[in-house]
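What follows is a set of notes on a single structure, which appears directly below.
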Amino acid sequence: EFIDSYYYNKLELTRFSSSVGKYVGFTEYGVRNAEYWNNDASLLSAMRAQKEVYCLNHVPVYYSNALTKS
């Protein structure tokens, strides 16, 4: 799962989660940003592609390194 969170003063404002597939806001300001970002189809498709870029390519490498050190 790919998660991209935005914080200000240790308070989570907005989060993109690959399992949900869209931005979710946790404050009034975060909800407004999430609505704006969710209406941008190119931004959503780019964020959904980040799961393949980061997770699918790097997890096997990290997993095998963790197994060899245990």
*Let me have the relative contact order for the chain, percent, based on Cα pairs under 8 Å that are six or more residues apart.*
23
*How far, in nm, would the chain grow between Asp4 and Gln50 when pulled straight, counting 0.36 nm per residue and subtracting the alpha carbon separation?*
15.6 nm
*asked:* Using protein chains only and a probe of 1.4 angstrom, how many square angstrom of Tyr62 are accessible, to the nearest 10?
replied: 150
*Mind checking the per residue accessible area of the chain for me, 1.4 Å probe, whole number of Å²?*
77
_Prolate/oblate/rounded label for the chain (Cα gyration tensor, a/c 1.5)_ = oblate
_Distance between modelled label sites at Ala41 and Lys22, nm, 7 Å Cα→Cβ extension_ = 1.5
*Taking Cα atoms, how many degrees apart are the long axis of helix 57-69 and the longest axis of the chain, rounded to 10 and kept between 0 and 90?*
40
*Under a plain spin-label model, where a point goes 7 Å from the Cα along Cα-to-Cβ, how far apart in nm are Val59 and Asn33?*
2.6
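The values are calculated or read from the model by the stated rules, or taken from the named source; none is laboratory data. Bear in mind the structure is a predicted one, so any value in this text is a computation, not a measurement. When we count neighbours, we look across all protein chains shown, and the Cβ atoms used for this are built from the backbone with ideal geometry, even at glycine. Areas reflect the complete protein model, heavy atoms only, side chains present, ligands, DNA and RNA absent. Shrake-Rupley method; radii C 1.70, N 1.55, O 1.52, S 1.80 Å.
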